[in-house]
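What follows is a short report on a single structure.
Where a number appears in this text, it was derived from the coordinates with a stated rule and is not lab data. None of these values were measured; they are calculated from a predicted model. Cβ sites come from the backbone with ideal geometry, for glycine too, and all protein chains shown count toward neighbours.
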Amino acid sequence: MGYGFVTISMLREIDKIISASYAEEEYPVLSLQIENWCKTQPLKGLSVLDATPVFRNTFIKYKALLLAGADLSVGVTDKLPADAKIIEKLKIWGMPLVFPTEKERKFDIILDCAASFSNLNARLGYVELTRSGVETYLKKGSPVYVADSGRIKKIETCLGTGESYFRAMKQLGYNDWGGKNLVVFGSGKVGLGIIVHAHKLGAVVTVVTELSGITPRIREYASEIIGLNDPARIAGAIQKAYAVVTATGVAGAMEKICPPEIFITSPAILANMGVEDEYGALIPNERVLANKFAVNFILEEPTLLKYIEATMALHNEGAAYLVNHPESKGEIIPPAETENEMLAISKQHGIIGDELFLIED
């Protein structure tokens, strides 16, 4: 198999960083994908834009795509947080960088996040990393493989994102959670992860959510559950909270749930863990940690590799699926056998096997 000089040089640099930073047990699914794709090259000769948020652990995802034969470009946008040091490395190595303003660029496949590059054309279709970007592609009438659909994504969002909220808060100096009141808005994958980790740390957790979405595990770990249509109780919980974190996945959700002044005047430490600004324009950016970006993106590694690598592999896998299914239309849910195989690899060869029961609710 042949690779251009830039690709070979880039792979060598990527390998240096990977070997210095991670044990192979932290990325068993990507490791197997790399091994297989190096032989089969399912993306050979295809132009692929990858818009995964650019951080150090994303290098392993790039390695799989490069060894699959992809003519790879990396998407960079102000909409998504990124590590400027990593972007600079990519520039030095000669990796083509693409911005959403380059409307004339065309690709065979776009691996997107939050529909950040939906204005660019992809001949075979798109692969979306987040649920928030799916509707944009469905309105566009494009085939979109949704890596956020099943159990694999729950490893990242439930286990990884929950852990990273508290890791980011620790970095900011908020480390003691014993007996502290934490209000969590949302009880989906991200919300559940925060609730689970908060329980481990001894926090007193109040969950504000649609009551129909409550699972037995949330009932077990939450001290109080409040429905979205109970503004008086919500306001009371915010006023007595040590910290508030949003995980609804809905832009501006807090403005609709509770008067903005409740958040503004509360002594609570406010943070967002969604891709969107869940607080809304009426609540000043400076009132929320990280200017309303997901607070874990202040970290060098916003989600630890061991929790995100299977999601990255599934995101990559969507590209191969589109190649093999050119007839695809609309929303594409990852086949159950694909997810089952990845979960089996994580359980057998990864270092998070004893945590995976938490995603089975």
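Some values worked out for this structure:
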quantity	calculated
Residue 114 long-range amide H proximity, modeled H, under 5 Å	129, 130, 133
The chain, helix-only ellipticity at 222 nm - DSSP H runs n ≥ 4, -39,500 (n - 2.57), divided by all residues, nearest 500	-12000 deg cm²/dmol
Along principal axes, Cα extents of segment 279-321, largest first, whole Å	43, 22, 11
Relative contact order [Cα under 8 Å, 6+ residues apart], the chain, whole percent	19
Cα lying deepest toward the dipole's positive end in the chain, options 165, 29, 270, charges on Cβ	270
For segment 140-147, Karplus couplings with θ = phi - 60° (6.51, -1.76, 1.60), whole Hz, Gly/Pro x	6, x, 9, x, 9, 7, 9, 6
Karplus (6.51, -1.76, 1.60) ³J(HN,Hα), θ = phi - 60°, over segment 307-312, in Hz, Gly and Pro reported as x	9, 10, 5, 5, 5, 4
Partners for residue 180 among aspartates and glutamates (Cα-Cα distance below 19 Å; same-chain residues under 8 apart left out)	163, 220, 224
Efficiency of FRET from Cβ geometry, residue 251 and residue 40, R₀ 35 Å, rounded to 0.05	0.30
Rounded to the nearest 20 debye, dipole of segment 158-298 from Cβ charges on Lys, Arg, Asp, Glu	340
Principal axes of segment 144-300: Cα extent on each, largest first, Å	39, 35, 33
Among 294, 149, 130 the positive-end extreme of the charge dipole of the chain (Cβ point charges)	294
Additional length obtainable on full extension of the chain from residue 240 to residue 300, 0.36 nm per residue less Cα span	18.4 nm
For segment 158-298: relative contact order, % (alpha-carbon pairs under 8 angstrom, 6 or more apart)	22
Unit charges at the beta carbon, dipole of the chain: most positive-side option, 280, 350, 258	280
Relative packing of 162-171, 190-199, 213-222, which averages over residues the other C-beta atoms within 10 Å, highest first	190-199, 162-171, 213-222
FRET efficiency, residue 123 to residue 84 (Cβ-Cβ, R0 35 Å, nearest 0.05)	0.65
Gaussian network model of the chain, springs between alpha carbon atoms under 10 Å - residue of 274, 173, 330 with greatest fluctuation	173
Dipole in debye (nearest 20) - the chain, about Cα centre, beta carbon charges: Lys, Arg +1; Asp, Glu -1	380
For 177, 93, order by how many other beta-carbon atoms lie within 10 Å, fewest first	93, 177
J(HN,Hα) series, segment 74-86, from Karplus relation 6.51 cos²θ - 1.76 cosθ + 1.60, nearest Hz, glycine and proline x	10, x, 10, 8, 5, 5, 10, x, 7, 8, 4, 5, 6
Amide H contacts under 5 Å for residue 331, placed H, 5+ residues apart	144
Loop-located GluC sites (Glu not before Pro) in segment 323-361 whose Cβ has at most 14 other Cβ within 10 Å (DSSP)	327, 360
